[in-house]
């Protein structure tokens, strides 16, 4: 009799186990002919390469002349295109309608938000992003979406799920600040004090979170919070990180202000999200700790251009006007200082599927095209802890690959128009 996992057991599946569950459709031999292949580790474009995929994994990569298609293989001729690894986004919010913000989203039920999440996941995958980290959702909806994708129920990227974000009363990522006191609308992730913080982390682990998301400062899109003001004391953050790490979970901390960034880094978080007002001390400590910065330097354009129509609050628009430009300059300083960076866009603030628009901004503010691509492949795989599974094109790794027209090392914006998408050896876009 086959083993059937209970719902709690399925929800608690680790990311490594999900990576080991290729879809049945991938259990075949696939042959891909690449006009040129980008080796993201060396930075070289290799002409006329053949990629042999067996059971969802890369078996061989050779010059096409030395590796003809095996009999019976499914053949994909991309000889006129550039092939590179599937992209990754370290900061997305798949659950919910990205066109609704502020008070506009109050009427959206969790079931409806989750259905939007399935649509958003498919749009993200078709845009060439084969792995993403979803940093927070109500009701562990992102955990459910992760498992549904892994089981082949819906199409989408591989998901590293955070579940419910953990934060202070009235905080940016944990509480509901839109409704008045008499509604008693307390957010799901509110945890004050070290032991309550530990309890919330334990609950997230219980219900299947792969990573713990917290907030150590206020935010742009939350009502009543100051972007740069610290949230959580160092003692509370240390308890959160200690508890998360003891369960094998990394910690991502939303942090705009310099003080909150330092608190999070002193506590030992693994990544700083946004990092808008990071100072020299924060840059130095991030380098010392090996923490990664995940800086969403595209979405300020959407917030200020389309945000009012989507329901973003006037106070949030004003906060973004004070934050966006400084964040981009902080990105330049941190990159020049040699801080490791992962690619993260905060997709969900803007419509899903536009993630690749950030590449051009990363180049505009200091990176080479190769460095921006490495941030979305090698670096993000390291941050997720899956560098032995994906993030590059070489034998033994999952067959996650995309193809574009042109040379992304010369014009990184070609990544905004992905022509071919394969995940775990299965083709989703051709």
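Nothing in this text is a laboratory measurement; each read-out follows from the coordinates by a stated rule. Owing to the predicted nature of the structure, the values given are computational and were not obtained by experimental measurement. As a convention, Cβ positions derive from the backbone with ideal geometry for all residues, glycine included, and neighbour counts pool all protein chains shown.
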Selected from 400, 296, 77 as most flexible by GNM, with the chain as the system and alpha-carbon contacts under 10 Å: 77
Using alpha-carbon coordinates, inclination of helix 234-246 to the longest axis of the chain, degrees: 30
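If the chain between residue 234 and residue 304 were fully stretched, how many nm would it gain, using 0.36 nm times the residue separation less the Cα-Cα distance?
On the way: separation 70, 0.36 × 70 = 25.20 nm, distance 3.31 nm.
In short, 21.9 nm is gained.
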Report, in whole Å, the centroid distance computed from the Cα atoms of the stretch 92-134 and the stretch 284-322. 18
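Compare the peptides 67-76, 93-102, 34-43 by average per-residue count of other Cβ atoms within 10 angstrom and give them in order, highest first.
Numbers: 67-76: 13.6, 93-102: 21.2, 34-43: 19.0.
Top to bottom by mean Cβ count within 10 Å: 93-102, 34-43, 67-76.
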Could you line up 184, 423 from fewest to most neighbouring Cβ atoms inside 10 Å? 184, 423
Taking the chain as the reference, fit the longest principal axis to its C-alpha atoms, fit the long axis of helix 141-150 to the helix C-alpha atoms, and give the angle between the two in degrees, 0 to 90, nearest 10. 10
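What list do you get for 160, 421 if you sort them by fewest beta carbons within 10 Å? Please report the intermediate quantities before stating the final value.
Numbers: 160 27, 421 23.
Result, fewest neighbours first: 421, 160.
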Using the per-residue mean of other Cβ atoms lying within 10 Å as a proxy for protection, in what order, highest first, do the peptides 355-361, 53-59 fall? 355-361, 53-59
Which one of 230, 351, 111 has the biggest mean-square fluctuation once the chain is modelled by GNM with Cα springs under 10 Å? 111
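Give the relative contact order (percent, whole number) for the stretch 87-384; include only Cα pairs under 8 Å separated by 6+ residues. Mind showing how you got there, number by number?
Values: 667 pairs, mean separation 57.3, N = 298.
Once normalised by length, the contact order is 19 percent.
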Which order, highest average first, do 191-200, 302-311, 275-284 follow once you tally other Cβ atoms within 10 Å for each residue and take the mean per peptide? 275-284, 191-200, 302-311
If you average the C-alpha positions of the stretch 328-343 and of the stretch 193-225 separately, how far apart do those two centres end up, in angstrom? 25
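Ignoring everything except DSSP H segments at least 4 long, calculate the 222 nm mean residue ellipticity for the chain; use -39,500 (n - 2.57) per segment, divide by total residues, nearest 500.
Details: 13 runs with 137 residues, N = 430.
Value at 222 nm, helices only, nearest 500: -9500 deg cm²/dmol.
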Which labelled figure in (1) 39; (2) 47; (3) 23 is percent of Cα pairs over 36 Å apart, once derived from the coordinates: (3)
Ascending count of other beta-carbon atoms within 10 Å, so fewest first, for 250, 206: 206, 250
Using only Cα atoms and rounding to the nearest 10 degrees, what angle (0 to 90) does helix 194-206 make with the longest principal axis of the chain? 30
